[in-house]
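Beneath this line is the structure, given in structure tokens, with notes to follow.
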Amino acid sequence: MTGIDRRRITMVCTGNAARSVMAALLLRNRLGDDSQWEVASAGTLVIPDQPMSVRTRNALSRHGLDDPYHRSRQVSMGDVDASSLLLLMEPSHIHWMRRRLPEALPIAGMFRKVVRDLPGLPGSTLDERVAALDLVNHDVEPWEEVIDPGSGQQEAFDVCIDDLATLIDQFVDTLRELDG
């Protein structure tokens with residue numbers, strides 16, 4: 001996968017109704033309309049074509065964001081082929097990738113770990129730095145999980161989006177550095 005400079009980042013959660021939706025919208029917003037990066041979202045266990053939850057919509061609105069056209073979709077081989085990086089939210093997503101989409105493992109990383117480790121790695125492109133992460137051999141640790149607000153009340157969604165916003169801000173700094 002090295003040597004190919006794809007310009008897409010795909011956020012992945014379970015149902016593509018909360019975490020990945022919030023993260024993708026935050027990332028698009030922080031990068032701006034003139035960004036060279038494409039941002040997508042998908043899930044590992046999706047009921048296709050569902051809108052985001054009302055609590056997700058409310059959390060997004062606290063950050064001045066909305067996507068009335070969002071519909072849930074399953075992560076696929078097409079996402080792997082098009083993306084430089086799949087950012088995952090919890091250990092079950094890595095386990096799912098190992099069983100169902102092993103081709104994704106070189107570019108499938110836990111969001112918190114990628115945000116922490118990517119800035120210090122060698123490489124002038126995202127693809128080179130992702131390769132340096134050696135994601136195929138990574139054993140997920142508990143600190144890496146972005147907690148799913150799915151069964152919680154609005155407060156859980158608000159806490160989640162605030163957490164994601166902090167991670168996105170750090171990630172955007174790295175992407176801008178790579179854009180030079």
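Only the coordinates and a few stated rules stand behind these numbers; no lab work does. All values reported here derive from a predicted model rather than from experimental measurement. Heads up, the Cβs are rebuilt from the backbone with ideal geometry, glycines too, and the neighbour counts pull from every protein chain shown.
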Charges on Cβ only, +1 for Lys and Arg, -1 for Asp and Glu, centred on the Cα centroid of the chain; of Leu126, Pro51, Asn16, which one is farthest towards the dipole's positive end? Pro51
Summed residue charge, Cβ within 11 Å of Ala165's Cβ, Lys/Arg positive, Asp/Glu negative: -2
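Give, rounded to the nearest 20 debye, the magnitude of the charge dipole that the chain has about its Cα centre when Lys and Arg contribute +1 at Cβ and Asp and Glu contribute -1 at Cβ.
Numbers: 19 positive and 28 negative charges, 88 e Å.
For this selection, approximately 420 debye.
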Comparing Ala59, Ala40, Ala82 in a Gaussian network model of the chain (Cα, 10 Å), the one with the largest mean-square fluctuation is Ala82
Largest fluctuation, Ser72, Ser53, Ser20 only, Gaussian network model of the chain with Cα springs under 10 angstrom, belongs to Ser53
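Checking the a/c ratio against 1.5 first, then a/b against b/c, what shape does the Cα gyration tensor give for region 104-159?
Details: a/c = 2.96, a/b = 2.26, b/c = 1.31.
Judged from the Cα gyration tensor, region 104-159 comes out prolate (a/c at least 1.5, a/b above b/c).
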Given springs between every Cα pair under 10 Å in a Gaussian network model of the chain, which of Asp148, Asp34, Asp158 has the largest fluctuation? Asp34
Between Glu38 and residues 5 or more places away or on another chain, the pairs with built amide H atoms under 5 Å apart involve Arg8, Ile9
Kindly identify region 78-132 as rounded, prolate or oblate by the Cα gyration tensor criterion: order the square roots of the eigenvalues as a ≥ b ≥ c, call it rounded if a/c is under 1.5, otherwise compare a/b with b/c, prolate if a/b is larger, else oblate. oblate
Pull out a ≥ b ≥ c, the square roots of the eigenvalues of the alpha-carbon gyration tensor of region 1-83, then state rounded if a/c is under 1.5, prolate if not and a/b is larger than b/c, and oblate in the remaining case. oblate
For region 8-179, one quarter of the surface area of the C-alpha convex hull, expressed in nm², comes to 9.1 nm²
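Can you list the DSSP H helices in the chain whose Cα atoms extend at least 30 Å along the helix axis and whose mean Kyte-Doolittle hydropathy is 0.0 or higher? Write out the running numbers ahead of the final one.
Values: long enough: 154-179 (36 Å, 0.13).
TM-like helix candidates: 154-179.
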